[in-house]
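The values are calculated or read from the model by the stated rules, or taken from the named source; none is laboratory data. Since this is a predicted model, take the numbers as computed values, not measurements. Using ideal geometry, Cβ is built from the backbone for each residue, glycine included, and neighbour counts are taken over all protein chains shown. Areas reflect the complete protein model, heavy atoms only, side chains present, ligands, DNA and RNA absent. Shrake-Rupley method; radii C 1.70, N 1.55, O 1.52, S 1.80 Å.
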Amino acid sequence: MSEKILSVKDLVVSFKTDRGIVHAVRGVSFDLYKGETLCIVGESGSGKSVTNKAIIGISSANAIIENGQIIYEGEDLVKVSEEEFHRIRGKKIGMIFQDPLSALNPTMRVGKQIMEATLINKNILKKYYEELISKELCEYRNAISSATFDNRKYEEEIKKNKEIVENLKKLEKKELTLEKKIIIFTNKINSLSTTSLNSKDELVKDKKTDKLSVKLSELKNELVETRQDITNIKNDIKKDISLTKKKLENDININDAKIKSIENSIPSLETELKRNIATNQIQKLQKLNGEFSALIEKYAVFTGDFYEFFKIRKIDLKKLTKVNDTLLKSQLPLLKKDLSIRKKEAKKLTKIHKKELIEKKDKELNELKVKLDALKLQLKEYESSLDENKLALIKGVILSNKKKEKLIAKLNNKYKEVNLSKVSKDNKLELDEIPDSKYKQLFEEIRNVEKEIKLIHEEFLKNTKISKFEAKRMALKVMKEVGIPLPERRFRQYPFEFSGGMRQRIVIAIALIANPDILICDEPTTALDVTIQAQILDLINDLKKKRGLSCIFITHDLGVVAHMADRVAVMYAGKIVEYGTVDEIFFEPKHPYTWALLSSIPDINSKEKLESIPGTPPDMLYPPVGDAFALRSKYALDIDFKYEPPFFKVSDTHYAATWLLHKDAPVVAMPKIVEERIKNAKKLDEEMGYGKE
């Protein structure tokens, strides 16, 4: 297995809306390895894009990351500061968006949009300085961001728990009120039934009895509904307790990591006071871990006193917040001091680096200037030996050649697409020979030295700042790399002057200009026709191989998955329900949802009728109990409606979350239509020679 470059662990993302909390991503975990393409496939609304927006830190304002980690280069991207994300987003993790028209600014030329990322970071010496202080600066910013994130998460949980308690109390109070009313109405009906009256009054009594009976029936129905609401809330609380256990285990792991970090820093701390502060921090964290372990045991044998649970959890969360604040207050001065020391060192190192670059440039320039002066002196002496007519002829040829060189450069660059044929046909643009061999030799030597001087200046600028010229050169290079013809002309055009496929190539160029490690492709072919889709997919595959990129490819098209993927994660209702290699998902699918997706793909070789997936995805305001796909699956078992299935291991690389893989589950055969498609695909593979050495 190659190097792991990104790891997503138990990610939970929700959205606050006017209707309530939408549970978009519910515990997603996956790893991305260097040089591979991981395809995330599923219907619209399954949580694919939300997951990847969380990775790149562009979640919407109403998004809440409730739980989980996104580990990249040893950092948890869930908790890093926005300033730290500026160092990562675009530069290390790039993204291609699904709609190239809305991704581009319609009022700005495409060349300027491609250059923008380069010019923002044009000061290379500043970048050199920032890289020197990045470790200490990240630790300082991330300490604040991490504590703020955790405290905000705890506050949200306290607020949510308070709302649950208030709602539960309200419903329980309503339940008691309804029970009392039912008793009162029952007594009234019984009282009327035992009263003997004359025939006229009997009719009045019967009407009253009927009225009371209707009201009693309504109250009983309302009581049943109220009790069901109470049961639902209590079931949710039980789920919360299970989730709380996970959170506590996560808190213990976080504290263990903090303890390890502090222990590692103790030997390098300068004073005894700092060592004592660090030791005190460790003791507090260890004590807290002991309390958390006791709570986990208590929750494991929880009997049902929900109010006691929320009371304990609130104390627990308040304590966590206090410990976070205490640790932050004690850590910040140390981190700030380390950052201040590193900044001073970095400024010195940057000055030294700049001085070395200047000295190198000056040394090389001085040597070349001496050589140039000597050659110019030789040329001047040689000119004095020539008669005036011959010298005038030579000067005329040189002047004429200069004009032709300028014109050729103009035609070959600015108007390349229009005048290439003119350049090749017009003989007058051919450079004339200097009619003196010694003069020609000296003249060419001088020009070569002048070119070397120019290159040294350019090299110095490259190491200190990126000029507009260099940014344009880089932009033209990447435009050519992504297959945009006549880049010199296209550079000055606006997005509306491009076709859909070309606009997508521009978006890819913008994503690649900073040479990222990871490329997230969010359905980049959705708005394109089939032939252009194939071109874009081939382009992304070629760029991936050429640049050694790791890709996360989001799509709902299994044809795209087959073309792009090394591994596949199938998502449904905010969860990964199956993942494995591309061959395992296509040739050995195990989850009914994966079967349904494969059944809905057109296949010209299959005689089976094309199937659609019945029903619609669940409303994620109210996530379903058990397997989210059960309501739409004809293979659902009774247990699917009660309990959420865990991941069952199919092979070392293949897992599926379905109760059909449980050892006690009935044997359910794969749908005939899926078997037919797999058979056809394998046959095609054999005919095409795939898999043969």
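Things to note:
- Angle in degrees between helix 468-481 and the longest Cα principal axis of the chain, rounded to the nearest 10: 70 degrees
- 222 nm mean residue ellipticity, helices alone, for the chain (DSSP H n ≥ 4; -39,500 (n - 2.57); rounded to 500): -21500 deg cm²/dmol
- The coefficient of translational diffusion for the stretch 592-672, derived via Stokes-Einstein from the alpha carbon Kirkwood radius under 20 °C and 1.002 mPa s, stands at 151 µm²/s.
- Take the convex hull of the alpha carbons in the chain; its mean projected area over all directions comes to 49.4 nm².
- Shown is the FRET efficiency for THR107 and GLN286, computed with R0 = 45 Å from the Cβ-Cβ distance and rounded to the nearest 0.05: 0.15.
- The modelled label-to-label distance between GLU83 and LYS319, using points 7 Å beyond Cα along the C-beta direction, is 3.4 nm.
- Protection proxy ranking, highest mean first, for peptides 165-177, 89-101, 130-142: 89-101, 130-142, 165-177, where packing is the per-residue count of other beta-carbon atoms within 10 Å, averaged.
- Residue order by solvent-accessible surface for TYR154, TYR307 is TYR307, TYR154, largest first, with ligands and nucleic acids left out and a 1.4 Å probe.
- Axis angle, to the nearest 10 degrees, between helix 416-425 and the longest C-alpha principal axis of the chain: 30 degrees.
- FRET efficiency for the GLU175 to LYS122 pair, using the beta carbon distance and R₀ = 56 Å, is estimated at 0.25.
- Peptides 393-400, 239-246 ordered by average Cβ neighbours within 10 Å, highest first: 239-246, 393-400
- In straight-distance terms, cross-link reach from LYS590 covers every one of the lysines whose alpha-carbon lies under 22 Å from its own, apart from those fewer than eight places away in the same chain; here that gives LYS48, LYS575, LYS609, LYS634, LYS642, LYS649, LYS663, LYS672, LYS679, LYS682, LYS683.
- Per-residue SASA entry for ASP432, accessible area with 1.4 Å probe, Å² rounded to 10: 70 Å²
- Against the main long axis of the alpha-carbon atoms of the chain, helix 306-384 sits at an angle near 10°.
- Short-range pairs are left out: with C-alpha atoms under 8 Å and at least six residues apart, the relative contact order of the stretch 1-143 is 22 percent.
- Close amide H pairs (under 5 Å, H built 1.01 Å from N) link ALA569 with CYS39, ILE40, VAL41, residues at least 5 positions away or on another chain.
- Cα-centred dipole magnitude for the chain, charges only on beta-carbon of K, R (+1) and D, E (-1), debye, nearest 20: 2420 debye
- For ASP664, the solvent-accessible surface computed with a 1.4 Å probe is close to 110 Å², ligands and nucleic acids excluded.
- Protein accessible area in the chain, 1.4 Å probe - carbon and sulfur %: 54 percent
- Dividing the alpha-carbon radius of gyration of the stretch 115-194 by the rule-of-thumb value 2.2 N^0.38 Å gives 2.70.
- The stretch 145-289, relative contact order [Cα under 8 Å, separation at least 6], %: 23 percent
- Length added when fully stretched, ILE398-ALA665, from 0.36 nm per residue minus Cα-Cα: 87.1 nm
- The residues of the chain present an accessible area of 57 Å² per residue when probed at 1.4 Å with all protein chains retained.
- A cut-off of 5 Å between modelled amide H atoms, ignoring neighbours fewer than 5 places along the same chain, links VAL78 with ILE70.
- With every protein chain in place and a 1.4 angstrom probe, the accessible-area ranking of SER145, SER46, largest first, reads SER145, SER46.
- Of the GluC sites (Glu not before Pro) in the stretch 15-105, the ones in a loop by DSSP (not H, G, I, E or B) with at most 12 other beta carbons within 10 Å are GLU73.
- Contact order for the stretch 205-357, expressed relative to its length and based on alpha carbon pairs under 8 Å spaced 6+ residues apart, stands at 24 percent.
- Cα gyration tensor, the stretch 263-351 - rounded (a/c under 1.5), prolate or oblate: prolate
- In this view, the solvent-accessible surface of VAL561, computed with a 1.4 Å probe and all protein chains in place, comes to about 0 Å².
- For the cross-link pairs LYS376/LYS410; LYS234/LYS314; LYS380/LYS403; LYS180/LYS220; LYS34/LYS260, the ones whose C-alpha atoms lie over 20 Å apart are LYS376/LYS410; LYS380/LYS403; LYS34/LYS260.
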